[in-house]
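Below is one structure, written out as structure tokens, with a few remarks after it.
The values are calculated or read from the model by the stated rules, or taken from the named source; none is laboratory data. The structure presented is a predicted model; accordingly, all values stated were derived computationally and were not measured. Note: ideal-geometry Cβ built from the backbone for every residue, glycine included; neighbour counts use all protein chains shown. Side chains are part of the model used for accessible areas, which takes the heavy atoms of the whole protein and leaves out ligands, DNA and RNA. Shrake-Rupley method; radii C 1.70, N 1.55, O 1.52, S 1.80 Å.
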Amino acid sequence: MDERYNAKKIEPYWQREWERSQIYLTRENPGHPKFYVLEMFPYPSGNGLSVGHLRNYVPCDVLGRYKRMNGFNVLHPMGWDAFGLPAENEALLRQAHTSETVPRYAANFKRQLIISGCAYDWTREINSSSPEYYRWTQWLFLLLLKRGLAYRATGSQWWCDLCGTVLANEQVVNGCCWRHTDNPVSKRDLEQWHIKITQYADRLLDDLEEIDWPEPIKLMQRNWIGRSEGAELAFPVSAHPGKEVRFFTTRPDTVFGVSFMVLAPEHPLVAEITSAAQLALVTNYVKDARRQSEIERLSTVKQKTGVFTGAYAHNPFTARDVPIWIADYVLMGYGTGAIMGAPGEDQRDYEFASQYGLEIPRVTAPSDGSPVPAGRAFTDPGVTVNSGFLDGMPTAAAIRAVCQYAQDHEIGRPTVSYRMRDWLISRQRYWGCPIPVVYCKRTCGIVAVPEDQLPVRLPKLKEYQPAGTGRSPLATLPEFVNTTCPQCGGPAERETDTMDGFACSSWYFLRFASPHEDRALFDRKAVDRWLPVDLYVGGAEHAVMHLLYARMWTKVMYDAGLVSFQEPFPVLRNQGVLWAPDGRRMSKSKGNVVTPDAMIDKYGADALRLWELFMGPYDEDTNWNEGGVAATERFITRVWTMVRRYLDAGGPDGSPSEETLRKTHKTIRTVSEHIEQMRFNTGLAAMMDHLNHIAKLKPPELNRFVVESYVVMLAAMAPHLGEELWRALGHSASVHLEAWPKFDESMTREDTVTVVVQVNGKVRDRLRVTVGASEAEVRELALKSEAVARHLGGQPPKKLIFVPNRMLSIVV
């Protein structure tokens with residue numbers, strides 16, 4: 001062995017050897033358990049990977065190696081989320097074409113993962129922008145269409161000028177595009193394709209109880225779905241026969257307290273019922289509201305504004321007419337776009353009524369008989385008052401009574417409402433999966449492209465900048481647009497919108513089971529063998545987009561009989577964010593990006609990997625500190641020196657002391673358990689602690705079992721170092737094909753424990769005693785202790801309190 005570990009020579013050598021021997025091909029040994037570990041597949045950008053990305057990839061690599069050594073068939077693939085706005089914007093910025101930049105960037109990502117020592121099965125690599133892949137994304141779209149889950153509708157959609165396309169509700173964050181966080185979005189009326197995710201709302205909500213996910217992610221999905229139980233009621237519009245205001249409320253018990261109605265400015269009734277006297281005010285208000293984002297309109301700190309339409313609704317419960325207003329805090333996209341104003345029991349309604357001098361009836365009183373609080377709405381459940389046949393009823397009973405009355409009199413019904421809207425999947429951009437439908441110019445209307453004509457290939461466009469016209473750049477290409485109708489053979493036009501990039505990532509995890517299958521979406525036997533994913537890892541920012549969409553598409557496939565499970569990711573973990581040294585997010589524009597290339601060139605891949613594992617708990621945020629890589633490089637040197645010293649002594653197979661054996665077995669147990677629990681930092685800490693002990697040993701106490709078990713465990717974390725040391729120890733086969741060392745349970749149990757001795761409540765000594773020592777044995781040792789005797793002052797104990805294996809308290 002050389003004097004020191006030479007990363008620049010050793011690591012590239014083993015990377016070439018692994019590629020040559022195909023050691024990381026997915027094995028499917030009969031009778032072995034399976035383990036499918038998957039990171040959310042990345043979009044390959046021109047910036048390449050940072051050390052922050054490795055915070056995700058290295059720990060999963062360690063877990064995959066550990067499982068493989070424990071006899072599991074391991075599937076750990078990698079691919080590229082290559083379609084969509086990020087890739088297109090990047091190419092436009094660099095004045096290049098996506099068909100050239102995407103393969104180049106993906107190749108760079110792959111190179112970086114290889115030099116980082118990650119054990120992916122590259123024969124299963126997929127790219128969502130390849131026709132071989134998106135053929136099946138289009139097939140799934142047609143499945144949704146057949147099952148009535150894909151539809152086209154005209155609506156007011158979010159629009160980002162910088163992206164030049166519409167956005168789904170989930171892609172608008174704080175009133176701005178999720179890709180351009182300082183660019184406010186606006187609304188446009190466009191005809192778009194939607195996926196009916198709302199049809200799966202209850203199942204998406206209920207099944208959260210069956211999966212092992214971080215609770216904050218579950219909470220985000222629950223809140224996004226936003227299930228509310230209540231009643232949908234209808235009030236007729238006075239002087240407008242046949243017109244009615246339909247609205248949803250979670251508090252139908254307060255219907256006797258309704259003193260006004262509010263419509264969203266976009267509500268179609270507004271144009272039909274507004275009086276001539278109010279028309280100018282209403283028109284201007286509607287224009288202003290459409291310029292605001294939903295976040296601005298729903299702000300709790302913004303003063304409530306509105307305009308009276310001049311029309312009235314008839315409250316059938318009170319037989320009174322109440323004014324109909326419009327206000328920007330009511331959104332057309334939620335519920336029915338209309339609300340009842342019950343200002344006595346709703347704070348938002350209270351503020352609005354106060355602002356415009358509207359009546360504030362009180363119809364709920366505290367259950368304890370205390371007075372209703374002044375100056376605000378009383379929003380708690382209580383006893384119904386001033387409400388006719390509801391008087392005296394508790395809130396829950398009053399809700400049921402109103403729902404029954406509404407049904408009996410055909411003015412409403414109990415119902416469930418959801419905050420979540422259907423998924424808007426159309427994008428007016430070039431770089432995406434073409435939507436496989438055509439529009440017949442005769443009588444066939446919307447026609448699905450036949451499956452045997454898939455994929456509808458994305459043509460290469462030289463100029464594909466978004467025009468901002470509401471149409472995709474594909475609309476400028478006649479040879480793509482003009483086609484024939486598959487049903488009647490007449491002239492037709494292709495859909496020119498492309499799919500949201502999240503369509504591609506809603507099923508990719510299934511494709512990895514059989515990535516080269518060309519006759520079907522996937523090989524069913526392979527999917528039954530590998531799916532669902534055993535461990536899915538990625539960022540919390542995907543909680544209400546990718547994770548929600550993937551769950552919905554999986555349930556659709558389950559309903560269609562394509563898969564045997566309903567949840568694709570039974571176990572999900574989020575890695576913490578690795579911030580730059582300055583505490584900010586790593587960004588090329590800020591000049592604070594730290595690349596794995598720079599760290600590997602300076603310290604080696606294994607030193608970088610060890611610091612990625614050791615820097616802190618896997619799921620907690622932390623700042624990058626290069627000094628940590630220098631420290632793990634020194635740890636590698638100490639391991640190297642320990643093994644070299646053992647080999648220089650002839651590599652003896654002597655008998656270690658019982659202490660050394662116990663420490664070794666305890667270390668194997670600790671490292672095994674902590675890797676399973678994804679506590680990589682503490683697992684590595686146990687390795688470092690054990691090295692402190694065995695580095696001091698001399699042969700024959702430093703024997704082959706002690707050394708080799710250490711090297712095998714370390715190989716999962718530092719694969720190049722492990723491989724080189726294993727070869728030096730005389731083995732010809734790869735260390736990564738070795739079995740994980742087993743620990744002897746009996747050797748991990750403690751024989752002695754520390755018992756604290758207190759005198760009058762203060763610790764005076766600590767005694768090392770045999771596990772299970774009796775009170776009499778511990779008392780005898782304690783009374784012989786000089787420290788204890790000094791504080792007893794010759795007095796006999798008045799009282800003894802003994803907690804086995806933990807404490808003896810003496811009172812004098």
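Checking Ala377 against (1) open to solvent by less than 40 Å² (accessible area, probe 1.4 Å); (2) assigned to a loop (DSSP other than H, G, I, E, B); (3) in contact (Cβ under 8 Å) with a residue 40 or more places away in the chain; (4) over 21 Å from Pro236 (Cα atoms): exactly one of these is not met. Which one?
Only one criterion in (1) open to solvent by less than 40 Å² (accessible area, probe 1.4 Å); (2) assigned to a loop (DSSP other than H, G, I, E, B); (3) in contact (Cβ under 8 Å) with a residue 40 or more places away in the chain; (4) over 21 Å from Pro236 (Cα atoms) is unmet by Ala377, namely (3).
What's the number of the only condition in (1) more than 23 Å from the chain's Cα centre (by Cα); (2) open to solvent by less than 10 Å² (accessible area, probe 1.4 Å) that Met557 fails to meet?
Of (1) more than 23 Å from the chain's Cα centre (by Cα); (2) open to solvent by less than 10 Å² (accessible area, probe 1.4 Å), only one is false for Met557: (1).
Quick one: in region 322-335, which of the residues that are modelled with pLDDT of 90 or more and outside any strand (DSSP E or B) is nearest to the chain's Cα centre (by Cα)?
Step by step, filter region 322-335, then rank; the result is Val330.
If Arg111 satisfies all but one of (1) part of a helix (DSSP H, G or I); (2) farther than 27 Å from Glu724 by Cα; (3) at pLDDT 95 or above; (4) not hydrophobic (A, V, I, L, M, F, W, C), what's the number of the condition it fails?
Here Arg111 meets the rest and fails (2).
Name the one entry in Val262, Val307 that is over 20 Å from Pro361 (Cβ atoms), outside any loop (DSSP other than H, G, I, E, B) and in contact (Cβ under 8 Å) with a residue 24 or more places away in the chain. Full working, then the answer.
Numbers: Val262 fails: over 20 Å from Pro361 (Cβ atoms).
Of the residues listed, the single one that is over 20 Å from Pro361 (Cβ atoms), outside any loop (DSSP other than H, G, I, E, B) and in contact (Cβ under 8 Å) with a residue 24 or more places away in the chain is Val307.
Among the residues in region 107-120, are any in contact with a Ser or Thr (Cβ under 7 Å, 6 or more places away or on another chain) and open to solvent by less than 20 Å² (accessible area, probe 1.4 Å)? I'd like the intermediate steps shown before the answer.
Quick first cut of region 107-120, residues in contact with a Ser or Thr (Cβ under 7 Å, 6 or more places away or on another chain) only: none.
Checking region 107-120: not a single residue is in contact with a Ser or Thr (Cβ under 7 Å, 6 or more places away or on another chain) and open to solvent by less than 20 Å² (accessible area, probe 1.4 Å).
If we keep just the residues of region 506-527 that are open to solvent by 30 Å² or more (accessible area, probe 1.4 Å) and part of a helix (DSSP H, G or I), which is nearest to Phe83 (Cα to Cα)? Walk me through how you get there before you give the answer.
First pass over region 506-527, keeping only residues open to solvent by 30 Å² or more (accessible area, probe 1.4 Å): 516, 518-520, 523-525.
Checking the rest, the ones that are also part of a helix (DSSP H, G or I) come to 524-525.
Working: Arg524: 26, Lys525: 28 Å.
Step by step, filter region 506-527, then rank; the result is Arg524.
Trp530 - would you say it is under 29 Å from Cys60 (Cα atoms), in contact with a strand residue (DSSP E or B) (Cβ under 9 Å, 6 or more places away or on another chain) and crowded, with 17+ Cβ neighbours inside 10 Å?
Details: under 29 Å from Cys60 (Cα atoms): yes; in contact with a strand residue (DSSP E or B) (Cβ under 9 Å, 6 or more places away or on another chain): yes; crowded, with 17+ Cβ neighbours inside 10 Å: yes.
So Trp530 passes the test.
I'm checking my understanding of the structure. Among residues of region 730-755 that are of a type in the set (A, V, I, L, M) and open to solvent by 10 Å² or more (accessible area, probe 1.4 Å), which one is farthest from Arg16 (Cα to Cα)?
Looking only at region 730-755, we keep the residues that are of a type in the set (A, V, I, L, M), and these are 733, 735, 737, 739, 747, 753, 755.
Pick out the ones that are also open to solvent by 10 Å² or more (accessible area, probe 1.4 Å) and you get 733, 737, 739, 747, 753.
Numbers: Ala733: 15, Leu737: 17, Ala739: 23, Met747: 40, Val753: 50 Å.
Selected residue: Val753.
All but one of (1) in contact (Cβ under 8 Å) with a residue 60 or more places away in the chain; (2) aliphatic (A, V, I, L, M); (3) in a strand (DSSP E or B) hold for Met220, so report the exception by its number.
Result: Met220 fails condition (3) only.
Given the criterion on the phi < 0 side of the Ramachandran plot, assigned to a helix (DSSP H, G or I) and open to solvent by 40 Å² or more (accessible area, probe 1.4 Å), identify the matching residue among Arg609, Arg634. Please lay out each step first, then the result.
Details: Arg609 fails: open to solvent by 40 Å² or more (accessible area, probe 1.4 Å).
Going through Arg609, Arg634 in turn, just one is on the phi < 0 side of the Ramachandran plot, assigned to a helix (DSSP H, G or I) and open to solvent by 40 Å² or more (accessible area, probe 1.4 Å): Arg634.
Would a scan of region 63-81 turn up a residue that is at pLDDT 95 or above, of a type in the set (Gly, Ala, Ser) and in a loop (DSSP other than H, G, I, E, B)? Full working, then the answer.
The initial filter retains those residues of region 63-81 that are at pLDDT 95 or above, namely 63-81.
Imposing the further condition that a residue be of a type in the set (Gly, Ala, Ser) reduces the set to 64, 71, 79.
When the remaining residues are screened for being in a loop (DSSP other than H, G, I, E, B), the result is 71.
Scanning region 63-81, I find at least one residue that is at pLDDT 95 or above, of a type in the set (Gly, Ala, Ser) and in a loop (DSSP other than H, G, I, E, B), so the answer is yes.
List every residue pair whose Cβ atoms lie under 8 Å apart, where the two residues are 6 or more positions apart in sequence or sit on different chains, the first residue falls within region 574-598 and is under 14 Å from Thr622 (Cα atoms) and open to solvent by 50 Å² or more (accessible area, probe 1.4 Å), and the second residue, located anywhere, is part of a loop (DSSP other than H, G, I, E, B) and β-branched (Val, Ile, Thr).
Pro581/Val594; Arg585/Val577
Could you list, in sequence order, all residues of region 756-812 that are open to solvent by less than 90 Å² (accessible area, probe 1.4 Å) and in a helix (DSSP H, G or I)?
Glu775, Ala776, Val778, Leu781, Ala782, Leu783, Ala787, Val788, Ala789, His791, Leu792
Yes or no, residue by residue, for (1) β-branched (Val, Ile, Thr); (2) open to solvent by 10 Å² or more (accessible area, probe 1.4 Å); (3) modelled with pLDDT of 95 or more:
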position	(1), (2), (3)
Asp408	no, yes, yes
Val416	yes, yes, no
Leu424	no, no, no
Gln428	no, no, no
Cys433	no, no, yes
Val437	yes, no, yes
Cys440	no, yes, yes
Ile446	yes, yes, yes
Gln453	no, yes, yes
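Considering only residues that are more than 19 Å from Ser99 (Cα to Cα) and among the polar types (S, T, N, Q), look in region 455-497 and name the one that is most open to solvent (accessible area, probe 1.4 Å).
Ranking the candidates gives Gln487 first.
Sort through Ser785, Ser774 and tell me the only one that's out of contact with any strand residue (DSSP E or B) (no Cβ under 6 Å at 6 or more places or on another chain) and among the polar types (S, T, N, Q).
Only one candidate qualifies: Ser774.
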